[in-house]
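The structure under discussion appears below in the form of structure tokens.
The values are calculated or read from the model by the stated rules, or taken from the named source; none is laboratory data. The shown structure was predicted, so the numbers you read here are calculated from the model rather than taken from an experiment. Cβ: placed from backbone, ideal geometry, glycine included. Neighbour counts: every protein chain shown.
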Amino acid sequence: MKLHDVILESAKPAELLSACPKYKPSPLIKKSVQNNSFWIKDETQRMGLGAFKALGGVYAVGSIIAEKQGLPLKTDSFFLDEFKSCAQGLTFVCASAGNHGLAVAAGAQIFGAKARIHLSDTVPENFAERLINKNAQVVRSGANYEESIEAAIEDADSNEAIHLADGSWPGYIEPPRLVMEGYTIMAKELCDEFERLNDWPTHVYLQAGVGGFAAAVAFEIRNSWRKQPKIIIVEPDAAPCLKQSIDHGKILTVEGPVSEMGRLDCKTPSMLAFDILSEAANEFCLITEEQAQNAARLSNEMGLATSPSGAAGLAALLANPDKDASSLVFFTEGSVN
Ligand SMILES: Cc1ncc(COP(=O)(O)O)c(C=O)c1O
């Protein structure tokens, strides 16, 4: 599959989110660190969930329920009795490094469905507590992210639940495609803002776990921005699954130690992300644990608390200083305990 074969329509999540009282565009902030001036798209407070992932999981849950009832994806559908009674009978299951699970749990709670989230041993307990507060059932499954995905697939298959993963693989595309469609909103918000400012970035840094975030944002940039930037994909050097796969022209699972960048510590890329980024990305940048921790510390000193995963784009920018560039990075989550 190639970039032009994948369809992500930002207008669809835009319609749904316009009716959500918690939705507003996230801030775009100009900052300067070590003589590098750059834009930050600040996702640390997104919809009260503390990460951009809220845009994908909530939208995908609503879309799947509407689709099951044959209802149009319009906000009016969500208030119909048939939508509500359909939702009550559904359980959404996924594995998560933390934030995707929170988004699915929030979607299930908003629309009246149930959620069960599989967390590997590496996911901080704080995420488990936040999930339970969203009425989700939490299951500790496996030593790493990949093992928790296996557990979620098995759970959904044996319990007639809906598996709503953020990664895709052969034969499993539509649910993660919806999740990614929700993420395109960030690039749409940015397009509106840069158009208004008449000032466009030359370089965009996108951190990747399975690559859904980076691919969705890159997709929308390539399809709708008037001025095209260079797109740089940032991965931990402990988990360079997109770089390795795209270098070799096929999806590969990489080996590596556990990374402190927990949300980026994915050893196999999403197939949709592989397809999109094979065409849309210009460069890859691998960062060390130390570079990510340093960037998170600098972010906290700037008054924008984020984690090493959230600051990974900034770490890549600081590793490749270019005084002539006008760069954009994303702080993808708030600080994580
Ligand atoms: C805070 C944060 N940043 C970046 C990512 C990477 O997103 P993806 O796995 O879609 O590449 C995640 C994924 O969970 C995340 O939670």
Of everything in segment 17-44, what is surrounded by fewer than 24 Cβ atoms within 10 Å (Cβ to Cβ), outside any strand (DSSP E or B) and in contact with a Ser or Thr (Cβ under 7 Å, 6 or more places away or on another chain)? Give them in sequence order. ALA19, THR44
Exactly one of ALA143, ALA165 is assigned to a loop (DSSP other than H, G, I, E, B) and in contact (Cβ under 8 Å) with a residue 60 or more places away in the chain, and that residue is ALA165
Subset of segment 97-110 that is in contact with a Lys or Arg (Cβ under 8 Å, 6 or more places away or on another chain) and away from the ligand (no atom under 16 Å from the Cβ) - its residue that is nearest to GLY56 (Cα to Cα): ALA108
Considering residues of segment 248-282 that are touching a residue at least 12 places away in the same chain (Cβ under 8 Å) and among the charged types (D, E, K, R) only, the residue nearest to the ligand (Cβ to nearest atom): ARG263
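Do we find that PHE92 is of a type in the set (Phe, Trp, Tyr), modelled with pLDDT of 95 or more and within 22 Å of ALA218 (Cβ to Cβ) in this structure?
No; evaluated as a whole, the condition is false for this residue.
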Are there any pairs with C-beta distances below 6 angstrom linking a residue in segment 217-246 that is of a type in the set (S, T, N, Q) to a residue that is in a loop (DSSP other than H, G, I, E, B), with the two at least 6 apart or on different chains, and if so which? GLN244/LEU252; GLN244/VAL254; SER245/ILE251; SER245/LEU252; SER245/PRO269
Filter segment 45-74 down to the residues that are charged (D, E, K, R) and in a loop (DSSP other than H, G, I, E, B), then identify the one that is surrounded by the fewest Cβ atoms within 10 Å (Cβ to Cβ). LYS74
Based on what the data block shows, is ASP121 surrounded by fewer than 19 Cβ atoms within 10 Å (Cβ to Cβ), more than 13 Å from the ligand (Cβ to nearest atom), within 29 Å of PHE331 (Cβ to Cβ) and charged (D, E, K, R)? yes
Since ASN144 meets every condition but one in (1) farther than 30 Å from ILE65 by Cβ; (2) more than 16 Å from the chain's Cα centre (by Cα); (3) not assigned by TED's automatic domain parsing to the domain that holds GLU67, which condition does it not meet? (3)
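Name the helices (runs of 4 or more DSSP H) wholly inside segment 182-288 in which the number of residues that are surrounded by fewer than 24 Cβ atoms within 10 Å (Cβ to Cβ) and among the acidic types (Asp, Glu) is 2 or more. Steps first, please.
On the way: elements: 212-224, 241-248, 271-280.
Filter on segment 182-288 gives 271-280.
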Restricting to segment 15-44, name every residue that is in contact with a Gly (Cβ under 8 Å, 6 or more places away or on another chain), more than 16 Å from the ligand (Cβ to nearest atom) and closer than 18 Å to THR306 by Cβ. none
Which numbered condition ASN99 fails, given (1) more than 30 Å from ASP81 (Cβ to Cβ); (2) surrounded by fewer than 20 Cβ atoms within 10 Å (Cβ to Cβ); (3) in contact with a strand residue (DSSP E or B) (Cβ under 8 Å, 6 or more places away or on another chain): (2)
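So in segment 300-319, with the set limited to residues that are without any contact (Cβ under 8 Å) to a residue 40 or more places away in the chain and in a loop (DSSP other than H, G, I, E, B), which one is nearest to GLY211 (Cα to Cα)?
Within segment 300-319, the first condition is being without any contact (Cβ under 8 Å) to a residue 40 or more places away in the chain, and the residues that meet it are 300-301, 303, 311, 319.
Subsequent filtering for residues that are in a loop (DSSP other than H, G, I, E, B) retains 303, 311.
Values: GLY303: 28, ALA311: 16 Å.
Once the filter is applied, the top-ranked residue is ALA311.
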